[in-house]
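Student: Shown below is the structure under consideration.
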Amino acid sequence: MTCPFGLLESMFTIGVRYCGGCNPQIDRSRIVIDLREGLKKMGLEVELTTEKERAVDMVLIVNGCKHACLEAKQVESDCGYPVISVRGEMVDDQYVEEGDIIKILIQRICSFI
Amino acid sequence: MPMMTGREYIESLRATKPEVYFLGQRIKHIVDEPMFQPHLHGAAMTYELAHHPEYEQIMTATSHLTGEKINRFTHVHHGIDDLVKKVRMMRLLGQKTGTCFQRCVGLDGLNAIYVTTYDIDQKYGTDYHERFKRYLLEVQKNDWMPAGAMTDARGDRSLRPSKQKHPDVYLHIKERLKDGVIVSGTKAHITGAINSHEIITMPTRTMTEEDRDYSVSFAIPADAKGVMFVFSRQTNDTRRLDGVLDAGNPKYGIVGGEAVIIFQNVFVPWERVFMAGEYDFTTELVETFAGYHRSNYGGCKVGLADVVIGGSSWIAEAHGIGKASHIVDKLTEMIAMAETCWSCTLACSYEGYRTPSGAYHINPLLANVTKLNITRMVYEWMRVGQDIAGGKIITLPSEKDLNNPASGKVLEECFSGKDGVPPRDIIKMLRLIENMSVGAGLPEAMHGAGSPAAQKIMIERRSGIEKKIELAETIAGIRKDRDFETIVGKDEKTHWDEVRKKIEERRAQIH
């Protein structure tokens, strides 16, 4: 994995949006906590925020299952930002095991930085 | 070619010459065979309603390949709305035919192969998906009815396909040629097989590396060389030859007209092969198909329930007991069961999701729950229907005896009901309830789209039991409860220590 994190001028900010969490197949909060730690371990200066009013560089949608309640609406309202969507055991259109979600997310995020 | 009407569909079958056998005889023309008429009419309804303005909203769709209006039975679902309309279409057709209209198996096969071929290509760089899209285009352009052929004969269930004494109990590739494959084997219980234009095959179970040649999916015309059909028997099937009244549902029959399909050294060109050895995708194909198909049962069988509930109510009224409290109670029970299954199937669709191929799939857990409910509730609402209709549904005399001047008049008096209701109408309705509640429709609800054990396996696999354990552990105080700690503003141990202390203080005050 290559990532030009040393070249960032200001902190890269990711807006985190959660689905409602009615019956999640994955632990959504744990995904975000682990992602934050994973990015930090790699020395990446990335901020994750759930504040909806803040300007962000990209949006991470965290849906608890493949149905992805949040997806269409969120993509519309965040129009213009790059979006990564976790849909249960899927990241965007790729099937992944829950344990591999963080690895895939870091790869995707790096491709946007 | 535009969408066919019901009549045009039946006429289109004259152009096919499948090798069909029934009761020991070769059937020359399926369209003219009296035993097959009800099944043809049932499938024809799927074509006919697409032309009615009052049904076209659910019976037709817009092809994602061409943008043209097509019959929904040839459509690959591209949104939640499509999945919902699919099950609405199933209920509608169940209501219109009172039986199986056969075309959903092919629809589910088309969708499952579409989804799986995309994923195979992603892994292996093959071009199955593009081939399949070209085939799908043909299906849509010609408005074909493909029979979905999944279940193999299977032989000894304890042995893998490649270990069977008779290799042909599973469909398999015998030879790989430059221009295609040669296949042999047997598919059993295939709904609508004899009156379909095409056959699309899928493996029946998860295969392993040693079963590579059994991991095969393809499409062929129903009259391809080497393909033979043996039409299956059904309860009371020859009643059709005894008289219209005796048949119960002479227009649309009873279940789907299943057949055994025997493939003997059949050549399939590569262009129509969609899986040839990718055993690691057999689970996906089987489960995707099963998911789609099991969700349907909460649509079509509920449509049948609507008919049998209506029939039971009509009979009670004709017998003069329509307002009796026990009848109202029983009808209400039937309605509640049917609508429970309907709720399940709607939920499957509304909880559907987009697959990597872009096609939408139903929620597989809910689909299996739907079907498991169907395996029980169809028996139950039919039992209540029989209860309301009474024992006459199995003791009625024949149409011939009703027409016999020596016995007809007295029989009509014997089976009369409330004044003003023609006795023949009462007998017609009783025969319909007999047809729907006593015949092959019940085990079809049990085993069609897979037996209950298959649904339980899928439910268990997808239940997420570990997550449920976590929930219980959190509430029981075994696992950290972050939300609770936020509410009380401290960690749980500190909170409960304080609570215990307060209790002690309170107790001391009381004593």
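Student: Using only the C-alpha atoms of the protein assembly as shown, find the volume of their convex hull and express it per residue in Å³.
Tutor: Details: hull volume 143.8 nm³, N = 624.
So the per-residue hull volume is 230 Å³.
Student: I need the fraction of alpha carbon pairs in the stretch A:5-112 separated by more than 21 Å, rounded to a whole percent.
Tutor: Working: 1687 of 5778 pairs.
That fraction is 29 percent.
Student: What is the percent of Cα-Cα separations in the stretch B:1-155 that go past 23 Å?
Tutor: Numbers: 5044 of 11935 pairs.
For the stretch B:1-155, the share of Cα pairs beyond 23 Å comes to 42 percent.
Student: Would you mind checking which residues have amide H under 5 Å from B:HIS64's amide H? H placed 1.01 Å from N; only 5 or more apart, or other chain.
Tutor: B:VAL76
Student: If you place +1 on the Cβ of every Lys and Arg and -1 on the Cβ of every Asp and Glu, how big does the dipole about the Cα centre of the protein assembly as shown come out, in debye to the nearest 20?
Tutor: Values: 78 positive and 85 negative charges, 211 e Å.
So the dipole magnitude of the protein assembly as shown works out to roughly 1020 debye.
Student: Further question: From the phi of every residue in the stretch B:249-254, what ³J(HN,Hα) in whole Hz does the Karplus formula 6.51 cos²θ - 1.76 cosθ + 1.60 yield, where θ is phi - 60° and glycine or proline is x?
Tutor: Karplus-based 3J(HN,Hα) across the stretch B:249-254 equals 10, x, 6, 10, x, 9 Hz.
Student: Tell me the accessible surface of B:ASP127 in square angstrom (1.4 angstrom probe, heavy atoms of protein chains only), to the nearest ten.
Tutor: For B:ASP127, the solvent-accessible surface is approximately 70 Å².
Student: Amide H of B:ILE199 versus every other amide H placed in the peptide plane: which residues, excluding those fewer than 5 positions away on the same chain, fall under 5 Å?
Tutor: B:ALA147, B:ILE220, B:ALA222
Student: Cα-Cα pairs above 32 Å in chain B: how many percent?
Tutor: Working: 62601 of 130305 pairs.
Percentage above 32 Å: 48.
Student: Just flag the trypsin sites (Lys or Arg not before Pro) in the stretch B:279-329 sitting in loop per DSSP whose Cβ has no more than 16 other Cβ atoms within 10 Å.
Tutor: Numbers: sites: B:ARG294, B:LYS301, B:LYS323; in loops: B:LYS323.
Passing sites in the stretch B:279-329 are B:LYS323.
Student: Mind listing which trypsin sites (Lys or Arg not before Pro) in the stretch A:32-113 are in a DSSP loop and have 15 or fewer other Cβ atoms within 10 Å? All intermediate terms of the calculation are to be shown ahead of the outcome.
Tutor: Working: sites: A:ARG36, A:LYS40, A:LYS41, A:LYS52, A:ARG54, A:LYS66, A:LYS73, A:ARG87, A:LYS103, A:ARG108; in loops: A:LYS52, A:ARG54, A:LYS66.
Answer in residue order: A:LYS52, A:ARG54.
Student: In the stretch B:410-494, how does Rg compare with the Kirkwood Rh, expressed as the Rg/Rh ratio over alpha carbon atoms? All intermediate terms of the calculation are to be shown ahead of the outcome.
Tutor: Numbers: Rg = 29.2 Å, Rh = 19.1 Å.
Rounded to two decimals, Rg over Rh is 1.53.
Student: Test of understanding: express the Cα radius of gyration of the stretch B:414-462 as a ratio to 2.2 N^0.38 Å, with N the residue count. Display every interim value, and only then the final one.
Tutor: On the way: Rg = 18.9 Å, N = 49, 2.2 N^0.38 = 9.7 Å.
Here the Cα radius of gyration is 1.96 times the empirical estimate.
Student: Continuing with this model, one more query. What is the distance in Å between the Cα centroid of the stretch B:177-193 and that of the stretch B:75-154?
Tutor: 18 Å
Student: In whole Hz and in residue order, list the ³J(HN,Hα) couplings for the stretch B:190-205 that follow from phi through the Karplus curve 6.51 cos²θ - 1.76 cosθ + 1.60, θ = phi - 60°; x for Gly and Pro.
Tutor: Result, ordered by residue: 8, 5, x, 4, 6, 10, 9, 7, 9, 10, 10, 9, 9, x, 9, 7 Hz.
Student: Moving on to the next point. Taking a temperature of 10 °C and a viscosity of 1.306 mPa s, what whole-number D in µm²/s does Stokes-Einstein yield for the stretch B:224-272 with Rh from Kirkwood over alpha carbon pairs?
Tutor: Details: Rh = 13.3 Å.
In µm²/s, the coefficient rounds to 119.
Student: List the lysines whose alpha-carbon lies under 26 Å from that of B:LYS85, not counting same-chain residues fewer than 8 positions away?
Tutor: Candidates past the 8-residue exclusion: A:LYS66, A:LYS73, B:LYS69, B:LYS96, B:LYS133, B:LYS141, B:LYS251, B:LYS301, B:LYS371.
Student: Quick check of the Kirkwood formula: for the stretch B:286-462, what is the inverse mean of 1/r over all pairs of different Cα atoms, in Å? Mind dumping the intermediate values first?
Tutor: On the way: mean 1/r = 0.0561 Å⁻¹.
Value: 17.8 Å, from the Cα pair sum.
Student: Quick one: plug the Kirkwood hydrodynamic radius of the stretch B:466-510 (C-alpha pairs) into Stokes-Einstein at 20 °C, 1.002 mPa s, and report D in µm²/s.
Tutor: Values: Rh = 11.8 Å.
Approximately 181 µm²/s, per Stokes-Einstein.
The values are calculated or read from the model by the stated rules, or taken from the named source; none is laboratory data. Just so you know, these numbers come straight off a predicted model, no measurement behind them. FYI the Cβ positions are ideal-geometry reconstructions off the backbone, even for glycines, and counts take in every protein chain you see. For the accessible areas, the whole protein counts, side chains as well, though only heavy atoms, and no ligand, DNA or RNA atoms are used. Shrake-Rupley method; radii C 1.70, N 1.55, O 1.52, S 1.80 Å.
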